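Structure record follows, encoded as structure tokens.
The values are calculated or read from the model by the stated rules, or taken from the named source; none is laboratory data. Model, not experiment: these values are computed from the prediction. Note that we place each Cβ from the backbone using ideal geometry, even for glycine, and neighbour counts take in every protein chain shown. Surface areas here come from the heavy atoms of the whole protein model, side chains and all, with no ligands, DNA or RNA. Shrake-Rupley method; radii C 1.70, N 1.55, O 1.52, S 1.80 Å.
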Amino acid sequence: MSFEIVASSFQHKDIEQEQFRRTLKCGAIGGGTVVALCVFGLINQFMERWIIENTLSLAHATFIGITLTVGALICIRSPKLSSAARIFQGFLVGVVSGAFLSILILIMATFDVRHMFVSLSPKLLAFLSYGFDPYTACLVTILAGGVLAMAGALIRESPTWLRKPLIVGLATAFFIGLFAELLQLAMQYESVEPIRDYMFTWEGQTLTGFITMFVLGFAISLFWVTRGKAVMMNHRAKSSGSQRSIRYFLYAIAVVLLLLFPMAAGSFFGQVLMLVGLYVLMGMGLNLEVGLAGLLDLGFVAFFATGAYAIALLTADNEHLILLLDRPLTWWEALPLAMFASLLMGLAFGIPVLKVRGDYLAVATMGLGEIIRVVVLSDMASPLLGGSQGLLHIPRPWIGNFELSDPIHLFYLTLISSMIAAYFAWALENSRLGRAWMAIREDEDVGQALGINLVNVKLLAYALGAWFAGLAGAIFAAMLGSIFPHSFQLLISINILALIIVGGIGSLPGVVVGALMLIGTPELLREFGEYRFLAYGFVLIVMMRVRPLGLWPSAVRKREMQSAEEAEALLRAQSGQKA
Amino acid sequence: MTIGQTLLKTNALTKRFGGLVAIDALDLDVKERSIHSIIGPNGAGKTTVFNCIMNFFPIEGGEIRLSEERIDNMTPDRVAYRGVGRTYQNIRLFKNMSSIENILVGMHMHLKSRWWGAVLRSRHSRADEKKASEEASRLLQYVGLRGKGDVLARNLPYGDQRKLEIARALAMKPKLLMLDEPTAGMNPSESLEMVGFIRGLRDDLGITILLIEHHMPVVMGMSDIVTVLDHGTKISEGPPDHVKRDKKVIEAYLGQSGVGHMT
Amino acid sequence: MNLERLKQVTYVDVTLWLMRAAVILLVIAGTIGSVIKDRYTTEQWVSMVMFGLTIGGIYALIALGYTMVYGILRLINFAHGDIFMTGAFTAYFVAAPLAKSGFLDEYLIVGMVLISLVAMTVCSCIALIVERICYRPFRSVRSLAPLICAIGASFFLQHAFRGMYGSSVRAYPDVRWFDVVVTILGFNFPRIQFVVVIAALASMYALYLIVHKTKMGTAMRAVSEDRDAAALMGIDVNKVIIFTFVLGGSTAGIGGVLYAFVFKQVYFFMGFFPGIKAFSAAVLGGIGNVPGAMLGGFFLGVVESLGPALFLDGLGIVAPYQLRDLIAFTMLVMVLIFRPQGILGERLARQRA
């Protein structure tokens, strides 16, 4: 009996200790993140950007967001405590986080660390200490941390009908504020001018705009949380035919919006979309190689470069021009040749590495890609390819008497090309070749023993993949009007591989989602300069940790995840149907 | 069932791994429409024989002929084209593909459609595809996996995986089917069923069967010829009754559970 | 017999043979051309070799990290080049004040040990963090996830350090003793080159002792043979992996400091090319093979240093030094294609799928 009591008191102590450790850990995560953001210099950038004009900068919003999150996090992590205790935990976590930042403030106030940490500037110190002296600032920071994290815990503890709308409302207002400038660019029409002026100034979102957006988000979300179920039930109750027609109707709206949006949104969006489109096109090509045939390729940019250079050499009126007729070819005439050149490049890559597998294949293709880049860049090849000076004066494609000069026109060209590429991938997936690709992805030796000619199918994967990359390169050359070797860095290969993996390997919608996420978003955040890559790296790691199958996994991969029981259930259902 | 002429012949087949001689000057003579078993203790080099015939790795000496044609030095896919199909000791299905897709991959070399046909959806390629999937369903039914075509291979029960692997090999329409321990892990009644099934392959489809097996009742019950390997050399060959009585065989198996079954 | 074999030769084989022949021919033709041209003096040749050995020693030190991690985890640590950068970059902030105060010139050995210790600690810590975040969650699954995570980590490290220490190139301090030119057999070399080669050899010897003579080293070798069996034998695999990353990080740290004292500059992107080349060196020597990494490093360094003058100049190529990277990449690709097991042989080639 007494033993049990002792044991349980030990247990109690254990739980207490564990709780204490958990609090410290959560606080350290929050505080560490905030300090890291300061040290890496992100806060310096964020200070310049208003979420609410002259009131709340992105830096503030970041601090608030992180603290709210850790407050909520500790609540999720300690399910055994009572609600009130959890909220108190939230306060403690916030204090710990605040303490981290305070230490940074004290260090910055006491020592001059700028020669080492270039971002820890007086301006940052001023920002962090709100004009107080350092010690008061620390106190304020710690208290503010505690209160904010407690608020986070409170939100977490509040009932769903309140919590979700709150989060959605805040997020809506935040993102509208973050992209205020872009949204204004897209609202250059007189009809929407009053809304624009109500919501934004050129500095950022107005306070009234913020509140409006928050209320709007809150209301819609509230409606969905309280009434959403009923709506869905209503929808389900309808016949499957009308369900399908509703779905097609939604798809149609989405497609029309996609088609019209770039035209309405102005040339900046056009450019971003154009770039996303190019990456989608290349992603579709690489998807044939990596997604279907399982051939890792980090030299993909070489195919893209081949397409671009072929177009430039055949069409651009400069001293490097290759004359096939008595005049330079037009873009359309050169296009098939450029794609053919890329295809040959694909074969030239594929043949040597036929027997290389796995990670080694990635490295070997990367090496080949870099060889091409070094050669193009060198003086040796410059009489032929222009060296680092690049090739200039590439004409744009014409359709009849209409020049595709605007990024948006080229975007539509890219869109059509991507659709063709997607169709290719889709049609091949269920064909003899597609199955052979999947078979060698799964087990090369067995595939070969079943009569699959590895050389042919692998080379086809390289060639077809390269073909689409060449098409992308040709459009790219037309878009820029001039090309330089440094446009064809290893980074592009990495980007393409990363986007198809983040989107979900082997999945066609995944390519689009991945490109929007990894190419589109960073482009929209271009003003943060090189920090985009910091975020990019971070996103890659987080994505792989959280959703290793990608954002939109292919049906096959989803099937892989199905447990054996589900499959059995499926079997039973099927045999039941038969019987 | 009449046993015909020589289908597969190896002459002094030799395979070394580093210093280890896995197969030493093996002569094998597999007759058409026979069921020919290879038995031997663990590590006797049985599976290596299969791998050599399939040309998974180069051989060090000797030659392999299929219907008089040299097939060593060929890549595995060409050997497959000549009509050799096989299964694996540790089942090697395409685990993330469905049963029917596995079989369709097996039919790869008999399908005529080209990739541009698939892209353009030409009538020819659609017809080809349709015919293929019908045949694949028939094969599934033949091995007793009816209605499981859409199940991923990895989710099939063990016995079904074995059957699917055989179906995949059959899809190649082989002249010579090499089965690597088809009854491994099966209980006696399942084994018996498998024996009947393999006999059927020979009797109904006229396929020559080369078999590696550990279950002595299975081997002795259906083989026409049994070859006994030990340490890469052939120590005995002949009809089951002859092999059963061979002293060398009993010696090689001495201490192994096989002895009990054989006598 | 031979005719039968000839029938089976495909266009792929022919292409590969042509590639091989072309590279060999180019190298031979270039060498002959250079010899005929006779543009360089013996002294220049010798100094090129010596420079090659220097840079090769650094490649070798980084290559060890790739090779050991590959041996244990069968995984290419793509972020290793950036780990090398973190150490060298951070150590700058120790080296600069030490040099400014005159301490480094006065007590060179103490100073260098201090600087190296800082670099080794930073590299090891970062390597451990990368392992914890990017590799450990995927240890038991075979997928592309670790590769993508490693690429992510590489970006993150580069730009985190860029944000932290700035994007400018920082100049490592000059150390008088290093720059003194010594004369051996009538040839002149700066001392730093000897220091690098000797330090690299010494580190490698120390590593050899660790791997072959200590209990932890034995455990490492056991894990690299068969992880599951080692775990069954009571080896704490996790500890072994951590130890491996610390060792790899430490050698990268030493390499980083030496690199910084040879090239006198550090910046956030400095890890990329040495990283790729060190990886090539590891593959060249046979990945998973510790002496191989050393051999591969020195070999790559020398070839890369001699190459432009020896083969490319002789071929009449303009500005051959622009193509120095080409030599490294060509070697990498050729080794991967023709001899993926490397010069000394990959110790664990059979298990690689």
query = For the residue pair A:Ala219 and B:Asp203, what label-to-label distance in nm results when each label sits 7 Å from Cα along the Cα-to-beta-carbon direction?
reply = 8.1 nm
inquiry  = Need one word for region C:1-106: rounded, prolate or oblate. Basis is the Cα gyration tensor (sqrt eigenvalues a ≥ b ≥ c); a/c below 1.5 gives rounded, then a/b vs b/c decides.
reply    = oblate
Neighbouring partner chain Cβ atoms per residue of B:89-100, average, 10 Å criterion = 3
request  = Take A:Thr208, C:Thr31, A:Thr414 and sort them by solvent-accessible surface of the protein heavy atoms, 1.4 Å probe, largest at the top.
outcome  = A:Thr208, C:Thr31, A:Thr414
query = In what sequence, highest mean first, do A:456-464, B:141-149 appear when ranked by Cβ atoms within 10 angstrom?
reply = A:456-464, B:141-149
remark   = Per the rule of 0.36 nm per residue minus the C-alpha distance, extending A:Gln188 to A:Ala36 adds in nm 50.9 nm
remark   = For A:Phe20, the accessible surface traced by a 1.4 Å probe with all protein chains present amounts, in square angstrom to the nearest 10, to 130 Å²
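Please average, across the residues of C:187-200, the number of beta carbons from any other chain that are within 10 Å of each residue's own beta carbon, and give a whole number.
Neighbouring Cβ atoms belonging to other protein chains average 0 per residue here.
Tell me, what is the FRET efficiency for A:Ser242 and B:Ala25 to the nearest 0.05, using R0 = 51 angstrom and their Cβ-Cβ distance as r?
It comes out at approximately 0.10.
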query = Got a number for carbon plus sulfur as a percent of the protein assembly as shown's accessible area, 1.4 Å probe?
reply = 64 percent
task = Once you have the Cα-Cα distance between A:Phe261 and A:Phe538, take 0.36 nm times their residue separation minus that, and quote the gain in nm to one decimal.
result = 96.7 nm
ask   = In the protein assembly as shown, which cysteines lack any other cysteine Cβ under 4.7 Å from their own?
value = A:Cys26, A:Cys38, A:Cys75, A:Cys138, B:Cys52, C:Cys123, C:Cys125
Simple label model, 7 Å out from Cα along Cβ direction - C:Leu117 to A:Leu325, nm = 7.5 nm
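Once the convex hull of the C-alpha atoms of region A:136-281 is built, how many Å³ does it hold per residue, rounded to a whole number?
Taking the convex hull of the Cα positions in region A:136-281, it is 192 Å³ per residue.
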note = Computed over chain B, the distribution of all Cα-Cα distances in 5 Å bins, rounded to whole %, is 1, 6, 13, 16, 18, 16, 13, 9, 5, 2, 1, 1, 0, 0
note = Checking B:Gly83, B:Gly232, B:Gly117 against a Gaussian network model of chain B (alpha-carbon springs below 10 Å), the top fluctuating residue turns out to be B:Gly117
Rounded to the nearest 20 debye, dipole of region C:151-252 from Cβ charges on Lys, Arg, Asp, Glu = 200 debye
ask   = Using alpha carbons only, how many degrees (0 to 90, rounded to 10) separate the axis of helix A:331-350 from the longest principal axis of chain A?
value = 80 degrees
request  = Using only Cα atoms, tell me the angle between helix B:123-142 and the longest principal axis of chain B; keep it within 0 to 90° and round to the nearest 10.
outcome  = 40 degrees
task = Just order C:17-27, B:125-135, B:160-170 by mean Cβ neighbour count inside 10 Å, highest at the front, would you?
result = B:160-170, B:125-135, C:17-27
task = Any chance you could check region C:144-160 for residues losing 30 Å² or more of accessible area when the partner protein chains are in, compared with the chain on its own (1.4 Å probe)?
result = C:Leu144, C:Leu147, C:Ile148, C:Cys149, C:Ile151, C:Gly152, C:Phe155, C:Phe156, C:His159, C:Ala160
note = So A:Arg227 and A:Arg22, fully extended at 0.36 nm per residue minus their Cα-Cα distance, gain in nm 70.1 nm
task = Please average, across the residues of A:435-447, the number of beta carbons from any other chain that are within 10 Å of each residue's own beta carbon, and give a whole number.
result = 6
query = To the nearest 20 debye, what charge dipole does region A:267-489 have about its Cα centre, counting +1 at the Cβ of each Lys and Arg and -1 at the Cβ of each Asp and Glu?
reply = 240 debye
note = Going residue by residue through region A:26-31, the Karplus relation 6.51 cos²θ - 1.76 cosθ + 1.60 with θ = phi - 60° gives ³J(HN,Hα) values, rounded to whole Hz and with x marking Gly or Pro, of 4, x, 5, 4, x, x
inquiry  = Report the Cα centroid-to-centroid distance between region A:338-385 and region C:195-228 in angstrom, as an integer.
reply    = 36 Å
query = Can you pull the three principal axis extents for the Cα set of chain C, in Å, largest first?
reply = 72, 59, 39
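Hey, what's chain C come to in accessible area per residue, 1.4 Å probe, Å²?
The answer is 42 Å² per residue.
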message = Before I look further, what does region B:93-171 give for accessible area per residue, probe 1.4 Å, in whole square angstrom?
response = 43 Å²
ask   = Separation between the C:Ala206 and A:Ala252 pseudo-spin-labels, each 7 Å from Cα along Cα→Cβ, expressed in nm?
value = 7.4 nm
message = Taking the solvent-accessible surface of protein heavy atoms with a 1.4 Å probe, what is the per residue accessible area of chain A in Å²?
response = 46 Å²
task = Report the FRET efficiency, 1/(1 + (r/R0)^6), for A:Ile211 and C:Ser101, where r is their Cβ-Cβ distance and R0 is 51 Å, rounded to 0.05.
result = 0.30
message = Considering only C-alpha atoms, what is the centroid distance from region A:396-430 to region C:289-310, in Å?
response = 47 Å
key: By average C-beta atoms within 10 angstrom, highest first, the peptides A:296-305, A:92-101   = A:296-305, A:92-101
ask   = Roughly how big is the protein assembly as shown's charge dipole about its Cα centre, with Cβ charges of +1 (Lys, Arg) and -1 (Asp, Glu), in debye to the nearest 20?
value = 2260 debye
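Starting from the residue with the highest accessible area, list A:His60, A:His393 in decreasing order, probe 1.4 Å.
Correct descending sequence by accessible area is A:His393, A:His60.
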remark   = Here FRET efficiency (C-beta to C-beta, B:Glu60 to A:Phe340, R₀ 35 Å, nearest 0.05) is 0.20
note = Percent relative contact order for chain A, counting Cα pairs under 8 Å at least six residues apart, stands at 14 percent
key: Accessible area buried, both sides summed, chains B and A with 1.4 Å probe, Å²   = 3500 Å²
task = Could you tell me which of A:Gly228, A:Val93, A:Leu37 has its Cα farthest along the dipole of chain A towards the positive end, charges placed at Cβ (Lys, Arg +1; Asp, Glu -1), taken about the Cα centre?
result = A:Gly228
inquiry  = Based on alpha-carbon centroids, what's the gap between region C:121-177 and region C:57-79 in Å, whole number please?
reply    = 14 Å
task = For chain C, with a Gaussian network of springs between Cα atoms less than 10 Å apart, report the residue from C:Ile115, C:Ile210, C:Ile55 with the top mean-square fluctuation.
result = C:Ile210
At least 27 Å along the helix axis (C-alpha) and Kyte average at least 0.0, DSSP helices within chain C = C:11-37, C:42-73, C:80-100, C:108-130, C:145-165, C:191-213, C:237-263
query = Which angle from 0 to 90°, rounded to the nearest 10, does the C-alpha axis of helix A:267-286 make with the longest principal axis of chain A?
reply = 70 degrees
